[in-house]
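S.K.: Sharing a structure here in structure tokens format.
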Amino acid sequence: MKIKFWGTRGSIPTPGKDTVRYGGNTPCVEVRLNDGSLVIFDAGTGIRGLGDELMTAGESVKAYLIISHAHWDHIHGFPFFKPAFISGNEFTIIGAQSKVVKLRKVIADQMDKVYFPIQLNALKAKIKFVPIKEQVTPVFDATLTSLYVNHPAFSLGYRLSSGGRTMVYISDNEPFDREVAKSIKNVDKIVVAKYMAVKGDPNQRVFDFARGADILIHDTTYTPEEYVNHVGWGHSHYLFSLKVAAEARVKKLVLFHHDQTHDDNKIDEILQKCVKEIKTRNYQFECIAAAEGMELEW
Ligand SMILES: [Zn+2]
Ligand SMILES: [Zn+2]
């Protein structure tokens, strides 16, 4: 498998001279399976650059686009994804939905004529929507497993396995705390019930899900000090990301969904703290911070 990061930033794009190394585009990760098949995680603004590269290659595109959830930063690049405008291209969009928020509507509504000049039904590519819950879904010759994570409304984490290799993509996820869950009402009731039902640490659901992955891409929006003021916002601090990686015994942790206020130097500092913590605790995995344009192959 090969991975390329096209967008690593959480919440809102952060262009500028202080974010050039880690990048200012919102989440989009390109995955190439062994046979070159294209799987895309999330359609943040990073997907524009991926689309332009696909257009330059000039070949017809058949790909899966896997959406973690409906928040802007994970869908707002889609209307600028040029291959979706080209006849002959085919996209299967996978993601969660609820009774009121249907997957197709999530993409279509942001292209409503109030917000955007071209509507979804005017796109020339063939686009199929596949709403999923927690389940196993075939994606080309790979297997995609999905898990509801702890995030306002509903959000899925994904595990993609192919040819004996596994990557886990958990873009937005907050440590689940039973007491906090009782007071916060903005996470889907069904999701909360699933975590509440776990005996012991409710986050065991996430640890088990990421078990043994070669690569874990995990939400690392905050420092522990910042997290205190953002409980319930749906994001992790780096100590929790390290814990998920350690408990799941993954080989490599990629810090992802960088906070909008963190410039390149701050992300360097967070990464250094993580590396130090890994050494102190004798954890056995490698840790890197996702940077726009970074490629991983394994
Ligand atoms: Zn996000
Ligand atoms: Zn979100």
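The values are calculated or read from the model by the stated rules, or taken from the named source; none is laboratory data. Fair warning: this is a prediction, and the values are worked out from it, not measured in the lab. Cβ atoms come from the backbone with ideal geometry, glycine included; neighbour counts cover every protein chain shown. The accessibility values were calculated without ligands, DNA or RNA, using every heavy atom of the protein model including side chains. Shrake-Rupley method; radii C 1.70, N 1.55, O 1.52, S 1.80 Å.
S.K.: Suppose the chain between THR143 and SER183 were pulled fully straight at 0.36 nm per residue; how much longer would it get relative to their current alpha carbon spacing?
M.R.: Using 0.36 nm per residue and subtracting the Cα-Cα distance, I get 10.8 nm.
S.K.: At 222 nm, what helix-only mean residue ellipticity would the chain give, in deg cm²/dmol to the nearest 500, using -39500 (n - 2.57) for each DSSP H run of four or more?
M.R.: Helix-only estimate at 222 nm: -6500 deg cm²/dmol.
S.K.: Using a Förster radius of 30 Å, what is the FRET efficiency between TYR115 and LYS62 based on their Cβ-Cβ separation? Nearest 0.05, please.
M.R.: According to the calculation, E is roughly 0.60.
S.K.: Ok, one more. Using Cα positions and a limit of under 14 Å, work out the aspartates and glutamates in reach of LYS128, with same-chain residues fewer than 8 apart set aside.
M.R.: Straight-distance partners of LYS128: GLU90.
S.K.: Could I ask something else about it? How much length is gained if the chain between ILE190 and LYS273 is pulled fully straight, taking 0.36 nm per residue apart and subtracting their Cα-Cα distance, in nm to one decimal?
M.R.: Answer, rounded to one decimal: 26.3 nm.
S.K.: Longest segment of the chain with no trypsin sites (Lys or Arg not before Pro) in a DSSP loop having at most 10 other Cβ atoms within 10 Å?
M.R.: After excluding every exposed loop site, the longest remaining stretch is 200-298.
S.K.: List, in the order given, every pair from LYS82/LYS126; LYS62/LYS124; LYS4/LYS243 whose Cα-Cα distance in the structure shown is over 19 Å.
M.R.: LYS4/LYS243
S.K.: Separate question: Which parts of the range 171-205 would a label at ASN229 reach, counting a residue when its backbone N lies under 20 Å from a point 7 Å out along Cα-to-Cβ?
M.R.: Taking a point 7 Å out along Cα→Cβ of ASN229, the residues of the range 171-205 whose backbone N falls under 20 Å are 174-175.
S.K.: Let me ask another. In degrees from 0 to 90, rounded to the nearest 10, what is the angle of the helix 264-280 Cα long axis to the longest principal axis of the chain?
M.R.: Long axis of 264-280 versus the principal axis of the chain: about 50 degrees.
S.K.: Please state the relative contact order of the chain as a whole percent: Cα pairs under 8 Å, 6+ residues apart?
M.R.: That works out to 18 percent.
S.K.: Oh, and also: Could you give the length gained by full extension between ASP201 and ARG281, i.e. 0.36 nm per residue of separation minus their alpha carbon distance, to one decimal place?
M.R.: 26.8 nm
S.K.: What whole-number volume per residue, in cubic angstrom, does the convex hull of the C-alpha atoms of the range 102-200 give?
M.R.: With only Cα atoms used, the range 102-200 gives 143 Å³ per residue.
S.K.: How much of the calculated P(r) for the chain lies past 28 Å, in percent of all Cα pairs?
M.R.: Every Cα pair in the chain considered, those over 28 Å come to 33 percent.
S.K.: What list of ³J(HN,Hα) values in whole Hz, one per residue of the range 237-243 in order, does the Karplus curve 6.51 cos²θ - 1.76 cosθ + 1.60 (θ = phi - 60°) give from phi, with Gly and Pro shown as x?
M.R.: Per residue, the Karplus-derived 3J(HN,Hα) values read 9, 5, 5, 6, 4, 5, 5 Hz.
S.K.: Follow-up. Hey, can you find the accessible area per residue of the range 157-272 for me, probe 1.4 Å, expressed in square angstrom?
M.R.: So the range 157-272 comes to 41 Å² accessible per residue, rounded to a whole number.
S.K.: So for the range 171-248, averaging the separation of alpha carbon pairs under 8 Å that are six or more residues apart and normalising by length, what relative contact order in percent results?
M.R.: 40
S.K.: Out of every Cα-Cα pair in the range 82-121, what percent are more than 14 Å apart?
M.R.: 56
S.K.: If one computes P(r) from the Cα atoms of the range 206-298, what percent of pairs lie at distances over 20 Å?
M.R.: I get 32 percent for the Cα pairs in the range 206-298 exceeding 20 Å.
S.K.: A further question follows. May I have the pair-distance distribution P(r) for the range 48-139, computed from all Cα-Cα distances with 5 Å bins from 0 and rounded to whole percent?
M.R.: The percentages, shortest bin first, are 3, 13, 24, 25, 20, 11, 3, 1.
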